[in-house]
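> Shown below is the structure under consideration.
The values are calculated or read from the model by the stated rules, or taken from the named source; none is laboratory data. Keep in mind it's a predicted model, so treat the numbers as computed, not measured. Because the Cβ atoms are built from the backbone with ideal geometry, glycine has one as well, and the counts that use them run over all protein chains shown.
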């Protein structure tokens, strides 16, 4: 169970961390307007050492990792031979070890795949989840909070900064910071002592959904390809060499016709409960997609990320059970 005072434990895949600390909407506001800290210590952490680690990972994943400089990170995917997403990796390279943090409970399958691909290369992937944890610090006051614990964060997305006493801070797209820290280091307590408000996964997930950031296992199923899930800009390098599933990525990129798309739905709020993960989305009684993550947002109300057929119109009158749902059209920045 979460160790910070007032934590209410999450269930399901996020068991082991807090779902909230008594005020989910206040925690959301802290993450957007002040500074909030989310314990994401249920994520798996794999440390890959060895001289061949970056070229090896480069050959297995969708991202260009050969030559990734020390103290920098990125995101990457491992695909099936047919191009379906199997693993989402958030990468941190410190110059000696490549750190991969991944979705809860996916480490055994990931390590089994990595071990099967080692051959005679100088690589050593290891599960270090028991000793290392991921925290997320977000909000406009987050840089000042990091300064309060003697850490100056990087300026650009995926820049890494070593933490005094061990660990790394990685600036993420959107301005949040992921902290990869030893579990015994007491970093969460130090940040809370510096005035950062603890926030649970309810708040974190609400902001993730509003930002249209997909999550493996929620906005994906067994046939999701990269162009459907929204990772094409952050986790895929379109000009790199051969890797498993590349043919599907290239074909869909050249044709521009993925069969499905990721959308943000506004729910009518008439039901007391939110749609469950996997709930069927219908248009005129015909299935057109499924719900990934449904949440209550402190400003937007009930919303959900969903995967729907590509030809579903943005103004289509969608239904989820007895709940009306409307697609919010994404607005491209000028």
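> Looking only at segment 147-161, count how many residues are surrounded by 13 or more Cβ atoms within 10 Å (Cβ to Cβ) and either in contact with a strand residue (DSSP E or B) (Cβ under 6 Å, 6 or more places away or on another chain) or assigned to a loop (DSSP other than H, G, I, E, B) (or both).
The number of residues fulfilling the criteria is 9.
> Run residue 86 past the list (1) under 17 Å from the mean Cα position of the chain (by Cα); (2) without any contact (Cβ under 8 Å) to a residue 24 or more places away in the chain and report the number of the one that doesn't hold.
All conditions pass for residue 86, except number (2).
> Hey, another quick one. Residue under question is residue 114, and the condition is that it be surrounded by 14 or more Cβ atoms within 10 Å (Cβ to Cβ), in the same structural domain as residue 52 (by TED's automatic domain parsing) and in contact with a helix residue (DSSP H, G or I) (Cβ under 6 Å, 6 or more places away or on another chain); does it hold?
no
> Another question, then. Here is a list: 281, 303, 327. Which entry is in contact with a helix residue (DSSP H, G or I) (Cβ under 9 Å, 6 or more places away or on another chain), assigned to a strand (DSSP E or B) and at pLDDT 95 or above?
Answer to the check: 303.
> Separate question: Anything in segment 46-73 that is on the phi > 0 side of the Ramachandran plot and in contact (Cβ under 8 Å) with a residue 60 or more places away in the chain? List them, or say none.
Those that are on the phi > 0 side of the Ramachandran plot and in contact (Cβ under 8 Å) with a residue 60 or more places away in the chain: 50, 71.
> Which of the residues spanning segment 84-100 are surrounded by 22 or more Cβ atoms within 10 Å (Cβ to Cβ) and more than 17 Å from residue 43 (Cα to Cα)?
Passing the criteria: 85, 93.
> Right, residue 216: under 13 Å from the mean Cα position of the chain (by Cα) and either within 30 Å of residue 251 (Cα to Cα) or not in a helix (DSSP H, G or I) (or both) or not?
Against the criterion (under 13 Å from the mean Cα position of the chain (by Cα) and either within 30 Å of residue 251 (Cα to Cα) or not in a helix (DSSP H, G or I) (or both)), residue 216 qualifies.
> Can I ask one more? Is there a residue being in contact with a strand residue (DSSP E or B) (Cβ under 9 Å, 6 or more places away or on another chain), in a helix (DSSP H, G or I) and either in the same structural domain as residue 142 (by TED's automatic domain parsing) or more than 24 Å from residue 46 (Cβ to Cβ) (or both) anywhere in segment 256-269?
Checked segment 256-269: no residue is in contact with a strand residue (DSSP E or B) (Cβ under 9 Å, 6 or more places away or on another chain), in a helix (DSSP H, G or I) and either in the same structural domain as residue 142 (by TED's automatic domain parsing) or more than 24 Å from residue 46 (Cβ to Cβ) (or both).
> Still on this structure: Right, residue 83: at pLDDT 95 or above, at negative phi and not assigned by TED's automatic domain parsing to the domain that holds residue 179 or not?
no
> Based on this model, can you work out whether residue 222 counts as under 23 Å from the mean Cα position of the chain (by Cα), in a loop (DSSP other than H, G, I, E, B), loosely packed, with under 13 Cβ neighbours inside 10 Å and not assigned by TED's automatic domain parsing to the domain that holds residue 84?
Here the answer is yes, as residue 222 does meet what is asked.
> Another question, if that's okay. Looking at 16, 44, which is the one that is modelled with pLDDT under 95 and surrounded by fewer than 24 Cβ atoms within 10 Å (Cβ to Cβ)?
Result: 16 is the single residue among 16, 44 that is modelled with pLDDT under 95 and surrounded by fewer than 24 Cβ atoms within 10 Å (Cβ to Cβ).
> Take the residues in segment 251-270 that are in contact (Cβ under 8 Å) with a residue 60 or more places away in the chain and under 20 Å from the mean Cα position of the chain (by Cα); name whichever of them is nearest to residue 320 (Cα to Cα).
Among those that are in contact (Cβ under 8 Å) with a residue 60 or more places away in the chain and under 20 Å from the mean Cα position of the chain (by Cα), it is 265.
> Could you list, in sequence order, the residues of segment 169-190 that are more than 17 Å from the chain's Cα centre (by Cα), over 18 Å from residue 35 (Cβ atoms) and modelled with pLDDT of 95 or more?
Matches in segment 169-190: 182 only.
> Another question about this same structure. Give 233, 321 a once-over and let me know the one that is more than 24 Å from residue 29 (Cα to Cα) and surrounded by fewer than 11 Cβ atoms within 10 Å (Cβ to Cβ).
Criteria check complete, one pass: 233.
> Given the structure, is residue 309 surrounded by fewer than 18 Cβ atoms within 10 Å (Cβ to Cβ), within 26 Å of the chain's Cα centre (by Cα) and modelled with pLDDT of 95 or more?
yes
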